[in-house]
Every structure is written in structure tokens, then in C-alpha cells.
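Structure record follows, encoded as C-alpha cells.
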Amino acid sequence: MSTVLAFDFYNWHFFFAELINGLTTGSLYALIALGYTMVYGVLKLLNFAHGDVYMIGAFIGYFVLNAMGWPLKPIMPLVPLLLVAFAAAMLGCAALGVTIERFAYRPLRNAPRIAPLISALGVSFFLQQTAVLLWQANPRSYATYSFHNAELYHPVGWSNFRFSYIQLLIILSTVVLMLALSFFVWKTRTGKAMRAVSVDPEAASMMGIDVDRVIMVTFLLGSALAGAAGVMTGIAFQTIGPYMGFGAGLKAFTAAVVGGIGNIGGAVLGGLLIGVAETFIVGYVTSGFSDLVLYSVLVLFMLFRSTGIRGVAVIQKV
């Protein structure tokens, strides 16, 4: 819709509906932004192919659902079927992320900064056009909204604050995955190795840390989260396509910058803020201004607070 919407600004039912929609969209941006922020935190690399890994995850979930008979003759109930789709997408994207790191980024690790950035853009277009050649450019429908499970999409709640179970699932899943990732980074041996590599890879290597393994695990986790976000997008919005990764990836990158790239909590905060802002701009103004405002926010943050809301300035050694 490109026309300005006319309505009562004090319509609290509309306000809370937009808020829940924004938190849902923002949760998806947050999951993608976590991959950006993890890779940048360890390698100082902007992995612009990450949005297309998310797109591949959405297609993996779609083909798994169809292979198991959904929506006409499902071989199992919806919930375990979705769990299988999530697992397949996360594993497939994790393997894809590790492959990308091994063949597109690792050989350029000691090259000038511009080389891995160009490689990331090349991988992004490669994945996008491969998806077009394999599955055509026409959108595909998840078709999970049917008479079998229509109650999952019906609004529930109280008064003006209402949401669907699918929206609640996406928001809570993002929070749980963020907490699990934070626990992994701060409490596990591999997480401590990640933090050491992010500070000084050479010193970490001298202390016996396998830097290549740590970087591989970083790509594995970030790509798995992108795969989960892809399936969630298909469930929530029903439609996926080969070009969905580019726009979502840019907005997730904006979220990571706004929240503080390299900071896990900042990536989630930025994703939620970007999602809510985008939804309110579309709802209260017009859809034509949403991208303009969001990318203007990105430029302003880069100019006046490049570390983001929760990021900290890096001390440069001389």
C-alpha cells in the first residue's frame, strides 16, 4: 500500500497490533543480525552473503514441508513437522556457512580488507542467482495457514493487546536463541576462544587456540540462526522467494550497526528497534518512506555514533 493511511492516532487496538507486528519482524531481523555481529566480532568482516544464507534456509524449510506431505497429506502433526523443518534449515545453513567460510573467506584472510568484502558480495549474488536458476524467481508459499491449524494464526490476548501464537513463537524463540548464544559465548570454552580471537588472533594462536576452528564455529552458529529465521519468515508471512535475502540482509545489517555491531544484545536490540520502526512507519505514514527512513538512520549512526547503541570504541594500538 503506497497511499497515506487515514485513521485515529488514539486507536490503541491498531497501535498494539502494529507493535506486535513490529516485534515479530524485528525478531527476524535480530536473528539475521546475530550472524552479522558474530562474524564481524571475530573477523571484522561484513558478511554480505549472510542474507542469502537466510533465503536458502527458507527454501530448505519449504522443501522439507512439501516432502513430508504438507499441506494436503502431512505425515505427522504440524508442530513436529515444523521442528523437522527448523532442524533441516539450521543444519543446511550451518553447512553452507562453513563452506562459504572455507572457500570464499579463509583464502583471503590475510588479503587487503576490500578483497573479502568483494568476495562476500560475489557469494551473495551467486547464491541468489543459483536459487533463481534452480527454483525460478516466482514466490513460493509455505501454505501453513490452513483449516488444519488456523487457530495458530488467530489473535488471542486481552483488550487491545492481542497476538497470534505464531507471533509469540517467533518472539520467544528469538529471546531463547539469544540467551543460548550469550551463554555459549560467555560460559563455554569455545566461546572464550571466540572472544580471545576477536581481541587478537595472533596472540590467541600463540596460546594454543585453533583460530580456524573458532572461525568455522562462528560461521556455523551464525548461519544456523539465519536458517531458523528463514523458516520463521515462511511460517509468519507465508511467501518466500530468491530475492528475499538481499533486503532482509540490509535491514539486519542496519540493525546490527544501530545496536552495536559485535555485541549480541545490541544486535537483538537493533533488530527489534528496526522492526518496530519499519512497521510504525508503514502503518502511521506510508510504506514508501520506510526504507528511506531506516537507511537514513543507518547513515546518521555511522556519522555520529558508529559504535551503535551498545557498542564500544575499539582502542587502536600504535
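Per-structure values
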{"item": "Selection status of Phe103, free of Cβ contacts under 8 Å to residues at least 60 places away in the same chain and either crowded, with 18+ Cβ neighbours inside 10 Å or closer than 20 Å to Gly35 by Cβ (or both)", "result": "yes"}
{"item": "Ser223 being closer than 23 Å to Gly57 by Cβ and not hydrophobic (A, V, I, L, M, F, W, C)", "result": "yes"}
{"item": "Residue match in the stretch 155-171 (condition: of a type in the set (Gly, Ala, Ser), in a helix (DSSP H, G or I) and modelled with pLDDT under 90)", "result": "no"}
{"item": "Condition met for Ile32 (surrounded by 15 or more Cβ atoms within 10 Å (Cβ to Cβ) and among the β-branched types (Val, Ile, Thr))", "result": "yes"}
{"item": "Residue pairs meeting the criteria (Cβ under 8 Å; at least 6 apart or on separate chains; first among the small types (Gly, Ala, Ser), in the stretch 129-141; second in a helix (DSSP H, G or I) and at pLDDT 95 or above)", "result": "Ala131/Asp52; Ala131/Met55; Ala131/Ile56; Ala131/Phe59"}
{"item": "Single residue of Leu46, Leu34, Leu72 found to be part of a helix (DSSP H, G or I) and of a type in the set (A, V, I, L, M)", "result": "Leu34"}
{"item": "Among (1) surrounded by 12 or more Cβ atoms within 10 Å (Cβ to Cβ); (2) out of contact with any strand residue (DSSP E or B) (no Cβ under 7 Å at 6 or more places or on another chain); (3) of a type outside the set (Lys, Arg); (4) closer than 23 Å to Asn66 by Cα - the single one Pro139 does not satisfy", "result": "(2)"}
{"item": "Among the candidates Gly234, Gly247, Gly241, residue that is surrounded by fewer than 24 Cβ atoms within 10 Å (Cβ to Cβ), in contact with a strand residue (DSSP E or B) (Cβ under 9 Å, 6 or more places away or on another chain), under 15 Å from Met55 (Cβ atoms) and not hydroxyl-bearing (Ser, Thr, Tyr)", "result": "Gly241"}
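The values are calculated or read from the model by the stated rules, or taken from the named source; none is laboratory data. Computed from a predicted model, the values in this text were never measured in an experiment. Here Cβ is always computed from backbone atoms with ideal geometry, including for glycine, and neighbour counts include all displayed protein chains.
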